[in-house]
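Take this structure first; my questions come after.
Throughout, read-outs are computed from the coordinates displayed, never taken from laboratory work. Source: prediction; values computed, not measured. Heads up, the Cβs are rebuilt from the backbone with ideal geometry, glycines too, and the neighbour counts pull from every protein chain shown.
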Amino acid sequence: MDMRKTVARLLAVLLPLALTACGGESGTATERSDQIPGTQIHLSDSGITVDGEPVSGDSGAPVYAAHDIVFYLEGQGFTYGEGTAEDEHSQSEADAHTVVHIAAPGTYVLSGTLSAGQIAVDLGEDAEEDEDAVVNLVLDNAEITCTVAPAIIFYNVYECGGKDQAQAEVDTSEAGANIILADGSENTVNGSYVARIYKSYELNEAGTAVTDSKKLHKYDGAVYSKMSMNIEGGDGVLNINAENEGLDSELHLTVNGGTVNIVSGNDGINTNEDGVSVTTVNGGRLTVTVDGSTGEGDGIDSNGWLVINGGVVHAYACAFSQDSGIDSDKGIILNGGEVVATGNMMDAIDGSSGQSCAMFRLSGRGGTAYQLRDGAGSALLEVPTANDFSILVVSAPGLSEGDCALYEGETLVASAQSGGMGGPGFPGGQMGPGGQMGPGGQNPPDFPEGGTPPDKPESQEPGQPPDGPAGEGSPGMPDGQPPEGFPVGPEQSPPDAPEGSGGQE
């Protein structure tokens, strides 16, 4: 099966059916959805229809509805899972949600509004190795809200990758999980998450509790896939508003097109197989803003590689935590596209990157529009920001090797060297005001992993770098220089984090 050809054929049908916000020759959104090939699922709180007929309640049907959502139940105690009181939900809240189950391969066109529900794709336990177990979800002016779990979840579909294949280049064109944004559509997903629920709990002969702490359920994102996933689209829009993480895959994620806007409480995007997962951006426009409601969060976090080949990527980490706009355990490769990333930490840019980038250190204010200029003063790139930050990374096709500077209006705020990878965590081995950072996003010595600087004043304002204003170095790194013997270089990566730590499954 050539999923790339399948998706291309589908998009060829979708694109001519574009409908402007004011209406157009193609008629209403419902009429337009009927022209898109595939099973038509119209969402409504008053009744869901499938190809114009009321949705089935029979679990043997290809599409059926039930009130069986997976969630973290309140009052279960420590043997149930790792959730806190904030993660718990009542049975009545869960029962208010309608799950639209998709249990057969194919293309499904979703339109309408479901204010308490979930789209759940599960083609069975054998689907992972079945090349035909592919589902295309076409979002055509759909709005889905779930307050107890992901609003869209892929459980079992074909897995095109392998967890034993660790490499930066992956081909997900035949992935079983595909989300396609109908051209001219605007879609909204408001989602929650499910904290880790243990596989089993029992008492041994002595009456002591024995818990199998392996994961039965744990789904962090508002849009979540247990298998590799693709996002496709022309000028369709997907807005994701997430209590915890935004867009997650347990293996690989590829964004090929469309406009995706994510506002999340934790990582905006997370691919979470340690040392294997690859997040790839080939096109489209991706804007990720971590709102800080959980106290932390990277803009884009890959537990393997992050590869940006094209498109526009704006990623804004939590304003006050030690997180990065773009974060990767194995390496960040920038080959093309426009990249603006803000945060308070920085991961290494891989030396194999095909496009220049620059990193600045400053006390940046969210909402400020900056401008990147070359050494001659010519404007290269407009740099919008959303959150306060102390580290800014920019990359664009027009950025060549050499001096560059960041301006706010006509005021110079920072300068740096752009170019190929040459030092600890950013190109050219240079930095704006301040000094060098540690390799691969690692915290420097005396800086607790994943935490805040020691003895950080409670009054420290968001956007300020650790241990003092920008330009005074970092804790454990006087004058911004790494201590003797501290490893540097793009090949370094942080040690494996324990299971259950931030960004893990």
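For region 43-199, what does the alpha-carbon gyration tensor say about shape, rounded, prolate or oblate, given a ≥ b ≥ c as the root eigenvalues, a/c under 1.5 as rounded, and a/b over b/c as prolate?
Oblate, because a/c is 1.5 or more while a/b does not exceed b/c.
At what distance in nm do the modelled label points of Ala206 and Ser90 sit from each other, each positioned 7 Å from its Cα along Cα→Cβ?
Placing both labels 7 Å beyond Cα along the Cβ direction yields 4.0 nm.
Tell me which residues come under 5 Å, amide H to amide H, from Val121 once H is placed; ignore anything under 5 positions away on its chain.
When sequence neighbours closer than 5 places are left aside, the close amide H contacts are Ile102, Ile153, Phe154, Tyr155.
While we're looking at this one, here's another question. Find how much the distance from Asp58 to Ser400 grows on full extension, using 0.36 nm per residue of separation minus their present alpha carbon separation; answer in nm with one decimal.
Answer, rounded to one decimal: 117.1 nm.
Once amide H atoms are placed 1.01 Å from N in the peptide plane, what residues at a sequence separation of 5 or more from Val138, or on another chain, have their amide H within under 5 Å of its amide H?
Tyr108, Val109, Leu110, Ile180
Okay, moving on. In whole Hz, what ³J(HN,Hα) sequence does region 397-403 give by Karplus (6.51, -1.76, 1.60; θ = phi - 60°), x for Gly and Pro?
Taking θ as phi minus 60°, the curve returns x, x, 8, 10, 5, x, 5 Hz for region 397-403.
Step through the residues of region 359-374 one at a time and calculate ³J(HN,Hα) from phi using the Karplus curve (6.51 cos²θ - 1.76 cosθ + 1.60, θ = phi - 60°), rounding each to whole Hz and writing x for Gly and Pro.
10, 10, 10, 7, 8, x, 9, x, x, 7, 9, 9, 9, 8, 10, 7
If you take the beta carbon distance between Thr113 and Ala379 as r and set R0 to 41 Å, what does 1/(1 + (r/R0)^6) give as a FRET efficiency, to the nearest 0.05?
0.45
For Thr368 and Asn239 in one chain, what is 0.36 nm times their gap in residues minus the Cα-Cα distance, to one decimal in nm?
Going from the current span to full extension adds 44.2 nm.
Could you list Phe360, Phe78, Phe320 so that the one with the fewest beta carbons within 10 Å of its beta carbon is first and the one with the most is last?
Phe78, Phe320, Phe360
Here's another thing I want to ask about it. Could you sort 377-383, 145-151 so that the peptide with the highest average Cβ count within 10 Å comes first and the rest follow in order?
Final packing ranking: 145-151, 377-383.
Listed highest first by mean packing, meaning other Cβ atoms within 10 Å per residue, what order do 332-341, 367-376 come in?
332-341, 367-376
Sticking with this one: Treating the beta-carbon of each Lys and Arg as +1 and of each Asp and Glu as -1, no other charges, what is the dipole magnitude of region 276-335 about its Cα centre, to the nearest 20 debye?
Its charge dipole is roughly 300 debye.
Counting other C-beta atoms within 10 Å, which of His217, His97, His89 has the fewest, and how do the rest follow?
Lowest count first: His217, His89, His97.
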